[in-house]
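**Q** The structure that follows is given in the form of structure tokens.
The values are calculated or read from the model by the stated rules, or taken from the named source; none is laboratory data. Not measured: the values here are computed from a predicted model. Glycine gets a Cβ as well: all are built from the backbone with ideal geometry, and neighbour counts include every protein chain shown. The area values use the complete protein model at the heavy-atom level, side chains included, leaving out ligands, DNA and RNA. Shrake-Rupley method; radii C 1.70, N 1.55, O 1.52, S 1.80 Å.
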Amino acid sequence: SMIATLDIAIQRPRWNKTMRMKTWTIGTDYALAYILAPDKDKGTVYLKNKENVYNYLPKIKKTIKLPATLLSQNWMGTDMSTDDLVKLTKLTEDYTAKVSGSQTISGRLCYEITLIPKPTADVLWGKIVTCIDQKDYIQLKSVFYDEDLEVVNTMVGSEIKNLGGKVMASKMIMTPAGKSGHSTTVTYNSITFNQKLATSFFAKENLPRVTP
């Protein structure tokens, strides 16, 4: 399990926005994100319960099940999709991975791993090339390609820290291809691992009762 607080900063040529959220996860089956700020979004909750994804809207006190078609769209104005947010895709199950080379990222020698979707996988990306630090196995870069194998987004990790007893990149910047001045920065403030979390916490019926 993992419990984390993080900031998301959206940068655009004419405006910017910052959000803060708290997340809870168990493995890849359960994930919940609670928006802490700004005030107009506070209390909004996103839930992944196995293959189902829900959105709770506190202003109207209503829970909405998100259709699969919405999972590939940008989430709350960021450069990340809802699929990215709740980690709906299971890379080890949906993709075939192979070491395709090496790169040096942020001064660290990395394995370059290419992931190709399996023929039966229903996934967003046509290919992912990710770079994993050879010493501490930190994910430092990922390039996401569409079905035509054109680059869509590039994510770069930095500011390596010990968070919750694990060495990891505390900051990740997602940059969309061909969009000057656009980026989304995710910064982890705190992480706690292996706390006891009941799967009932991730029930659709529990969403109105979630508090940070």
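**Q** Let me spell it out: the conditions are (1) of a type in the set (A, V, I, L, M, F, W, C); (2) over 18 Å from the mean Cα position of the chain (by Cα); (3) surrounded by 19 or more Cβ atoms within 10 Å (Cβ to Cβ); (4) more than 22 Å from residue 81 (Cβ to Cβ), and residue 109 meets all of them except one. Which number is the exception?
**A** All conditions pass for residue 109, except number (3).
**Q** Which residues, counting only those in region 56-93, are within 12 Å of the chain's Cα centre (by Cα), open to solvent by 70 Å² or more (accessible area, probe 1.4 Å) and at pLDDT 75 or above?
**A** Selection gives 74 alone.
**Q** Could you give me the residue pairs with C-beta distances under 7 Å whose first residue belongs to region 25-53 and is open to solvent by 20 Å² or more (accessible area, probe 1.4 Å), whose second residue is among the basic types (Lys, Arg) and part of a helix (DSSP H, G or I) wherever it lies, and which are 6+ apart or on separate chains?
**A** 49/204
**Q** Would you please list the contacts, defined by Cβ atoms under 7 Å and residues six or more apart or on different chains, that run from a residue in region 157-174 that is open to solvent by 60 Å² or more (accessible area, probe 1.4 Å) to a residue that is in a strand (DSSP E or B) and among the aromatic types (Phe, Trp, Tyr)?
**A** Matching pairs, first to second residue: 165/193; 166/193.
**Q** Something else: From the list 151, 156, exactly one residue is within 19 Å of the chain's Cα centre (by Cα), over 28 Å from residue 20 (Cβ atoms) and not charged (D, E, K, R). Which is it?
**A** Selected residue: 151, the only one of 151, 156 that is within 19 Å of the chain's Cα centre (by Cα), over 28 Å from residue 20 (Cβ atoms) and not charged (D, E, K, R).
**Q** Further, regarding this structure: Would you be able to say whether some residue in region 145-155 is farther than 21 Å from residue 46 by Cβ, among the polar types (S, T, N, Q), open to solvent by 40 Å² or more (accessible area, probe 1.4 Å) and at pLDDT 95 or above?
**A** no
**Q** All but one of (1) under 19 Å from residue 95 (Cα atoms); (2) among the aliphatic types (A, V, I, L, M); (3) in a loop (DSSP other than H, G, I, E, B) hold for residue 132; state the number of the condition that does not hold.
**A** Result: residue 132 passes all but (3).
**Q** Related question: So, in region 122-144, how many residues would count as being at negative phi, loosely packed, with under 14 Cβ neighbours inside 10 Å and not acidic (Asp, Glu)?
**A** Of the residues in region 122-144, 2 are at negative phi, loosely packed, with under 14 Cβ neighbours inside 10 Å and not acidic (Asp, Glu).
**Q** Out of the residues in region 181-212 that are farther than 13 Å from residue 24 by Cα and of a type in the set (Val, Ile, Thr), state the one that is surrounded by the most Cβ atoms within 10 Å (Cβ to Cβ).
**A** 184
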